[in-house]
Amino acid sequence: MTQEKMQNPESNESVNLGEIAVVLVAQSNNPSIINPDFLRHNEIVNADLALQGDPITSPLFSQVTFERGIVVNALPDRVSFQQTGDSLASGDILCPEIAKRYVEKVPHVPYSAIGVNPKGYRYLFDEVKEKVSNILIKSAELSFRDVTPEVHLKTIYQYDTRKIVLDIAEATMKKNNESEIPIILFQANIHRDLPSTMEQQNRIKTISDILTSWEDDLSDFNALIKKFNFQESKS
């Protein structure tokens, strides 16, 4: 499965992937090991991936930023691998592989959960006369003192081995120093718990398998977004 770049930037039906993150939850995580030397020496990140800005390393919080929008940060209860871009394609996305290498190089940590968290957006142009919030609330009368509220929709899909939480909201963004453009923002947390009774070797293999097939989660994210077609109803 592949996530292609938006073919037509003027199409409000196209979904742009602006961010994807992998979060590993672990109560005994050690943030102080996260630094450029550790990540490169252990081949968690490629040696040719240039550092951006000054890294932060401490017992409570560490952060290392690389080119291509990649950020690795750690807290005592989690470590995350995030990548941002204007419109990410699958071939550009490195953070799931970086997270997989990290787990394989740091296998002793009792990881308790993993999240694959994509964030995408769709443009709303002037010809779309009905606001997303009006469509979301349908005929509900939620206006108060002549003000119609902005509506934030959260949907939760609970499955046997994972939970998908999808947040949908109106937002705006700026591109190339132009005026603000209205968008619909879609943000998902695809969460999987890892049983405490799971043997550590199986725990690492399970995480590796999830990260090897991360595009399946991204495909599900895109399929969910297609269910929310805000262009059908116009005034």
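The values are calculated or read from the model by the stated rules, or taken from the named source; none is laboratory data. All values derive from a computational prediction rather than experimental measurement. Using ideal geometry, Cβ is built from the backbone for each residue, glycine included, and neighbour counts are taken over all protein chains shown.
Between 26, 99, which is crowded, with 17+ Cβ neighbours inside 10 Å, in contact (Cβ under 8 Å) with a residue 12 or more places away in the chain and touching a Lys or Arg at 6+ places or on another chain (Cβ under 8 Å)? Steps first, please.
Working: 99 fails: touching a Lys or Arg at 6+ places or on another chain (Cβ under 8 Å).
Sole residue among the options that is crowded, with 17+ Cβ neighbours inside 10 Å, in contact (Cβ under 8 Å) with a residue 12 or more places away in the chain and touching a Lys or Arg at 6+ places or on another chain (Cβ under 8 Å): 26.
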Restricting to the stretch 69-87, give me the number of residues that are touching an Asp or Glu at 6+ places or on another chain (Cβ under 7 Å) and surrounded by fewer than 16 Cβ atoms within 10 Å (Cβ to Cβ). 0
Residues of the stretch 50-89 satisfying the condition of being touching a Cys at 6+ places or on another chain (Cβ under 9 Å) and either closer than 17 Å to residue 37 by Cβ or among the β-branched types (Val, Ile, Thr) (or both): 70, 71, 72
Restricting to the stretch 167-200, what's the tally of residues that are without any contact (Cβ under 8 Å) to a residue 12 or more places away in the chain and over 21 Å from the mean Cα position of the chain (by Cα)? 9
Among the residues in the stretch 209-219, are any closer than 17 Å to residue 25 by Cβ, of a type in the set (Val, Ile, Thr) and at pLDDT 95 or above? yes
If a residue must be modelled with pLDDT under 90 and aliphatic (A, V, I, L, M), how many such residues does the stretch 115-170 contain? 12
Identify all residues within the stretch 14-23 that are outside any loop (DSSP other than H, G, I, E, B), touching a Lys or Arg at 6+ places or on another chain (Cβ under 7 Å) and either without any contact (Cβ under 8 Å) to a residue 12 or more places away in the chain or farther than 19 Å from residue 207 by Cα (or both); write none if there are none. 18, 19
Total residues in the stretch 51-68, condition exposed (fewer than 15 other Cβ atoms within 10 Å of the Cβ) and either out of contact with any Pro (no Cβ under 8 Å at 6 or more places or on another chain) or under 17 Å from residue 19 (Cα atoms) (or both): 4
